[in-house]
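Any read-out appearing in this document is the output of simple, stated calculations on the displayed coordinates, not a laboratory observation. None of these values were measured; they are calculated from a predicted model. FYI the Cβ positions are ideal-geometry reconstructions off the backbone, even for glycines, and counts take in every protein chain you see.
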Amino acid sequence: MSIETRLAWRNLWRNPRRTALSVAATVFAVVLVMLSEGMGAGSHEKMIEDAVRLQSGHVAISGAGYRDHMTLDYFLPWSPELVEIADSVPSARAWAPRIISFALVSLADASRGVMVMGVDPEREPSVTTISKKVDAGHFLSAQRAPGVREIVLGERLAQDLGAQLGDEVLLYGAAYSLENAYELFTLTGIVDLPDPKIERNLALIHIEDAREFYVYDDRVTEIALLARDADHAPLLIAELEGALVPLAPDGGVFEVQGYEEMMPALVQFILLDDAGLYIMLVILVVVVGFGILNTILMAILERTRELGVVLALGLRPAALFRMVYLESMLLAAVGLGLGLAIALPALLYLNGMEFALTGDDLAATAEFVGMEPVLTFKLKPLNPLGSVLTILGVAALAALYPALKASRGRPVDALRSP
């Protein structure tokens with residue numbers, strides 16, 4: 001350890017109370033910054049996962065133009081080659097075909113416009129969690145019983161219709177052939193979903209029933225795919241686009257989109273939430289910077305005469321600058337070390353844990369983005385590193401003025417000070 005470092009460390013503790021207060025402020029800021037980042041990362045990942053597992057998947061393949069028009073005219077030609085591609089893409093955990101359109105569902109005098117989603121009961125549970133949210137009855141049967149067409153409705157939709165399990169509801173719409181399509185379906189399940197808009201407008205039927213109802217033959221409207229996690233969605237998109245080239249060399253048949261394009265409101269909400277978080281973190285870091293600046297500057301002002309003496313005895317201004325600068329960095333390092341010693345074990349303990357959100361406002365916010373009203377934490381390796389580098393950078397800037405003031409002092413003026 002150099003003489004400058006030893007002197008800086010000794011000088012730092014000349015006023016233990018002031019140093020301890022600055023260290024405590026740094027520790028508080030580090031802990032709060034890391035816990036806030038962990039909470040933000042966990043909550044955002046939860047938002048994304050709940051949203052994509054509720055309906056869209058991380059990535060979807062659809063016919064070109066389908067997302068803009070959402071009609072049966074824009075379809076995917078269902079073929080063994082397409083199935084092989086979906087099965088062989090390395091980054092895909094699971095996939096499920098769908099036929100999605102719109103219709104009227106009626107019971108007695110009540111009618112509602114709904115989004116009809118024809119799903120594969122065997123594949124859909126591997127992509128979405130809708131089958132696990134059945135509140136009454138059961139999800140669609142994998143094997144269709146002869147003469148029985150099953151339908152699952154959102155809980156709010158069933159309430160609006162006054163429908164009970166076992167009731168026959170009439171589905172009425174327009175087929176792909178432009179003929180009127182109408183059929184009776186038996187209500188076998190009611191799902192309780194976190195998103196009230198989806199719950200009030202969703203009707204699920206077997207994909208084969210949807211194919212017959214809409215006269216859709218060998219077509220589907222989309223294939224939803226689940227990536228390993230949200231961060232791997234861009235890789236999955238790139239793999240799919242490359243794999244689909246042999247089926248559509250001109251690229252004009254298929255459209256591959258990620259959840260960011262399919263759910264822009266969710267992405268905007270996360271960006272706004274991040275902006276609020278970053279504003280708070282900036283304030284905390286600035287407070288730490290001013291705390292370090294105040295501590296070191298006060299120490300310099302108290303030792304003005306002493307510093308003048310050492311300058312008069314021949315200490316080079318550059319050496320004095322380094323000593324004072326080291327005091328600031330050591331002060332920040334002590335606070336960072338203690339802060340990390342508290343925050344990292346806390347985040348490791350909280351990582352992956354879920355806490356229920358209480359209060360109507362918090363529950364309403366969770367419902368707005370389609371997530372369950374829970375709070376969770378996630379420790380990302382880059383978050384502690386970013387926090388450390390940010391606070392060290394602020395400390396380095398805050399240390400410049402006291403160090404320059406000390407090194408530029410004149411021995412004559414310093415010795416004349418009281």
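Here are the numbers:
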| item | result |
| --- | --- |
| Beta bridges by DSSP in segment 97-220, antiparallel share as percent, to the nearest 5 | 70 percent |
| 20 Å Cα cut-off, lysine pairs counted over the chain (separation 8 or more, or different chains) | 7 |
| Which label in (i) 24.5; (ii) 27.7; (iii) 17.5 gives the computed mean projected area of the Cα convex hull in nm² | (ii) |
| Extreme residue, positive dipole direction of the chain, given options Leu240, Ala29, Leu272 (C-beta unit charges) | Ala29 |
| Of all DSSP beta bridges in the chain, antiparallel share, percent nearest 5 | 80 percent |
| Rg and Dmax of segment 170-217, Cα atoms only, in Å | 12.5, 35 |
| Contact order normalised by residue count of the chain, Cα under 8 Å, 6+ apart, percent | 27 percent |
| Theoretical ellipticity at 222 nm over the chain - DSSP helices of four or more residues, -39500 (n - 2.57) apiece, nearest 500 | -17000 deg cm²/dmol |
| Of the DSSP H helices in the chain, those whose Cα atoms cover at least 24 Å axially and whose Kyte score averages -0.5 or more | 16-51, 264-302, 317-350, 382-407 |
| Calculated on alpha-carbon atoms, Rg and Dmax of segment 4-142 in Å | 27.4, 88 |
| Cα-based convex hull volume of segment 97-220 per residue, rounded to whole Å³ | 97 Å³ |
| Size of electric dipole in the chain: Cβ of Lys, Arg +1 and of Asp, Glu -1, about Cα centre, debye, nearest 20 | 4160 debye |
| Label zone at Glu168 (point 7 Å along Cα-to-Cβ), backbone N below 17 Å, segment 133-152 | 145-152 |
| 10 Å Cβ shell holding at most 15 others, DSSP loop, GluC sites (Glu not before Pro): longest site-free stretch of the chain | 180-418 |
| Paramagnetic label zone (point 7 Å from Cα along Cα-to-C-beta, Val286; backbone N under 20 Å) in segment 373-400 | 387-400 |
| Charged-residue dipole, Cβ positions (Lys, Arg, Asp, Glu), segment 97-220 about Cα centre, Debye nearest 20 | 280 debye |
| Amide H partners (placed H, <5 Å) of Trp78, local residues excluded | Arg219, Val220 |
| Ranked Ile296, Ile130, criterion: other C-beta atoms within 10 Å, fewest first | Ile130, Ile296 |
| Within segment 1-72, trypsin sites (Lys or Arg not before Pro) in DSSP loop having at most 12 other beta-carbon neighbours inside 10 Å | Arg14 |
